[in-house]
1. Give me the percent of the accessible area of the chain that comes from carbon and sulfur atoms, probe 1.4 Å, all protein chains in place.
2. Could you give the dipole magnitude of segment 221-320 about its Cα centre, charging the beta-carbon of Lys and Arg +1 and that of Asp and Glu -1, in debye to the nearest 20?
3. Of the candidates D117, D224, D307, which one comes out as most mobile in a Gaussian network treatment of the chain with C-alpha springs shorter than 10 Å?
4. Quick one: which of 10-17, 30-37 comes out on top by average Cβ neighbours within 10 Å, and what's the full order, highest first?
5. Give, as a single signed number, the net charge of other residues whose beta carbon lies under 12 Å from the beta carbon of P38, with Lys and Arg counted +1 and Asp and Glu -1.
6. Restricting things to alpha carbons, find the Rg to Rh ratio for the chain using the Kirkwood radius for Rh.
7. Using the crude model of +1 on Lys and Arg Cβ and -1 on Asp and Glu Cβ, and no other charge, please compute the dipole size for the chain relative to its Cα centre, in debye to 20.
8. What length, rounded to one decimal in nm, is gained on full extension from D182 through to A10, with 0.36 nm per residue of separation minus their alpha-carbon distance?
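The values are calculated or read from the model by the stated rules, or taken from the named source; none is laboratory data. If you're wondering where the values come from, they're calculated on a predicted model, not measured in any experiment. Neighbour counts run over all protein chains shown; Cβ positions are idealised from the backbone, glycine included. The area values use the complete protein model at the heavy-atom level, side chains included, leaving out ligands, DNA and RNA. Shrake-Rupley method; radii C 1.70, N 1.55, O 1.52, S 1.80 Å.
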Amino acid sequence: MASSPILAGAGARVLLMGNEAIARGAVEAGVQLVAAYPGTPSSEVTETLIGAAADRGFYVEWSMNEKVAFEVAAGAAIVGARALTAMKNAGLNVAMDTYVTLPYGGGKGGFVIVVADDPDAHYSSTEQDTRTLAMYAEIPCLEPMDQQEAKDMTREAFELSERLELPVFLRTVTRISHASGDVLLGPATEQRNTVAFNKHWKLPYRWDVYGAPGAVHKHKWLKDQLPKMQAAAAACRFNRLAKVKGATTGVLASGVAAAYAAEAMQRLGSDRTASFLKLGMVFPLPTALVEEFLAGLETLVVVEEGDPVVELQVRSLAKERNLPVKIRGKSLEPVFPTWGELNADVAT
């Protein structure tokens, strides 16, 4: 019998906490280095990976703080390793200096940044919504709806990171991280990336912060990655549209709030009369899919956990495309509380 549930074979169905599911996704992706600082509700990601490290042959450490953890993992990604760092919402503040600088040069190996937000501040001093910081750093942001997606998104985040040469942000919340769900396991790759440092990999002096070609040139490179990020958003299999013919009302939701919204719609019977769009990648938006969804709608309700991050992007898109849809959510005339935690009852 496997010493850890995340070491079970492909095809097994295992009851996993969201954080354990994230750990399994990293194992399936062939993670090579994990560095983190313990902060609830993120701690079990690394605790679980510690239990799997000897069996799967990767390095894992508790670092002295989130900045050190981020830099250890970033250094591994720069030389080509698949690396993961995990922290809670407030922990990302400690790593901010390196966090906002690294995307200017990107990375060679897949780099996944797992941040566990804490709506209702069960374990935290703030309800900080870190999705805004993914947008600020101009890197893709994935948000799982359940434990299965937490595992699958983590695995695919490594591949996405390597295609884009950028870190990928995985935002989870307490109700994903600390609740358990049935997870179908996939195969764990045996392949490992070759590790080697080349400061001129694809760009001159790629990771030299102050020297030529300079921060402005590297910022342009980061901006040039946006079309590739948008293409990834358009192709993201975690975005799902269920359009009801003739519907004039739509519900758009992301992350765990998508599960709440789907349950609320079933309770109300509106799942048969209103269109529904569930987003798995919340930055950048899959604009063509959102436009398709909005076409013909008179009213849109946006359901998300935390700040109106998705809502404000959708409002901007609707205004730019001259789509006459009334949008309700957490900004302007809010229909949901702008603090605390959502659930199916609140969504209803």
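1. 55
2. 300
3. Residue with maximal mean-square fluctuation among D117, D224, D307: D224.
4. Top of the packing list down: 30-37, 10-17.
5. On the way: positive: K88; negative: E44, E47, E61, E66.
Every neighbour counted, the sum reads -3.
6. Ratio of gyration radius to Kirkwood radius: 0.97.
7. For the chain, the charge dipole is close to 1060 debye.
8. 60.5 nm
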